[in-house]
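The values are calculated or read from the model by the stated rules, or taken from the named source; none is laboratory data. In this text, all values refer to a predicted model and were calculated from it rather than measured experimentally. Glycine gets a Cβ as well: all are built from the backbone with ideal geometry, and neighbour counts include every protein chain shown. Just the protein is used for accessible areas: all its heavy atoms, side chains included, with ligands, DNA and RNA removed. Shrake-Rupley method; radii C 1.70, N 1.55, O 1.52, S 1.80 Å.
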Amino acid sequence: MEGVSEVLMNIILLGAPGAGKGTQAIKIAKAYGLQHISTGDMLRAEMAKGTELGRRAQGYMQSGQLVPDDLIIAMIMERFDGLGQKGMLLDGFPRTVAQAEALDKRAKVDAVINLTVPEDVIMTRICGRRVCPACGGTYHISRDDPKICRACGGELVQRPDDNPETVKKRLDTYLSQTAPLVDYYAARGILHSVDGSISIEYGFMKISAILEKLKNR
Ligand code: AMP
């Protein structure tokens, strides 16, 4: 594929809700031929299909809590089973130390990109976010058409958990349960922090520079 330099690395995108993980994930996966795996998207698909897992996850997601580790780990291991020979870009997984330990037993993690964004920017970002359920595209009402997806023409929606009250809860959840992963991966020397508050292009440029360096190691 033109413009794609495939890499066989497994990369994790870490960061608070609204840090830009989803937006960067789509760009990185395309540029490096990685399999984009978003546990949030997988759970929303389960909910839309009305499966048992979707029903069990719904309450947690709508209240800004994490879905229990056993459900997430079972879901992601099944997804890994179906993967071919491709590097993975994990977006929104792991979110707890228990999930990271389960991942360690299954796959080698080559790099963890930690997108950092100050808390005050996050609220404005998430509350103006619109997403395309058809292709996963993410937009913001301050700079994009609020209704139609630029990539596929689908109708944009606001996620039910993108409201100020739930965002506050999601941030608390992030700080208490997910932020410890920063130290977990820093201790192994594979953590790379990138300022996610400047612009999408800046974040992508920094992430690409990290991946290029790893590729040429
Ligand atoms: P996201 O689309 O990544 O922001 O995820 C939306 C919601 O799905 C989160 O607020 C959690 O309720 C749930 N979720 C997604 N990924 C995970 C995970 N790895 N562990 C637990 N809950 C998750």
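Descriptive notes on the structure:
- None of Gly87, Gly82 is open to solvent by less than 10 Å² (accessible area, probe 1.4 Å) and at negative phi except Gly87.
- Close pairs from the stretch 155-167: first over 9 Å from Ser63 (Cα atoms), partner open to solvent by 20 Å² or more (accessible area, probe 1.4 Å) and assigned to a loop (DSSP other than H, G, I, E, B), Cβ under 7 Å, at least 6 apart: Glu155/Lys147; Leu156/Pro146; Leu156/Lys147; Val157/Pro133
- Residue within the stretch 60-67 that is surrounded by fewer than 17 Cβ atoms within 10 Å (Cβ to Cβ) and not hydroxyl-bearing (Ser, Thr, Tyr) present: yes
- A search for C-beta distances below 7 Å between a residue of the stretch 61-83 that is under 12 Å from Pro94 (Cα atoms) and any residue that is aromatic (Phe, Trp, Tyr) and surrounded by fewer than 19 Cβ atoms within 10 Å (Cβ to Cβ), counting only pairs 6+ apart in sequence or on different chains, returns Leu66/Tyr60; Val67/Tyr60.
- Number of the exception - Ala74 against (1) at pLDDT below 95; (2) among the aliphatic types (A, V, I, L, M); (3) surrounded by fewer than 15 Cβ atoms within 10 Å (Cβ to Cβ); (4) touching a helix residue (DSSP H, G or I) at 6+ places or on another chain (Cβ under 9 Å): (1)
- Candidate set from the stretch 7-59 (those that are open to solvent by less than 30 Å² (accessible area, probe 1.4 Å) and assigned to a strand (DSSP E or B)); member that is farthest from the ligand (Cβ to nearest atom): Ile11
- Subset of the stretch 161-188 [polar (S, T, N, Q) and either in a loop (DSSP other than H, G, I, E, B) or near the ligand (Cβ under 9 Å from one of its atoms) (or both)]: Asn163, Thr166, Thr173, Gln177, Thr178
- Taken together, Ile200, Ile210, Ile190 contain a single residue that is touching a residue at least 40 places away in the same chain (Cβ under 8 Å), among the β-branched types (Val, Ile, Thr) and open to solvent by 50 Å² or more (accessible area, probe 1.4 Å), which is Ile200.
- Test: Phe93 is surrounded by 21 or more Cβ atoms within 10 Å (Cβ to Cβ) and of a type in the set (Phe, Trp, Tyr): yes
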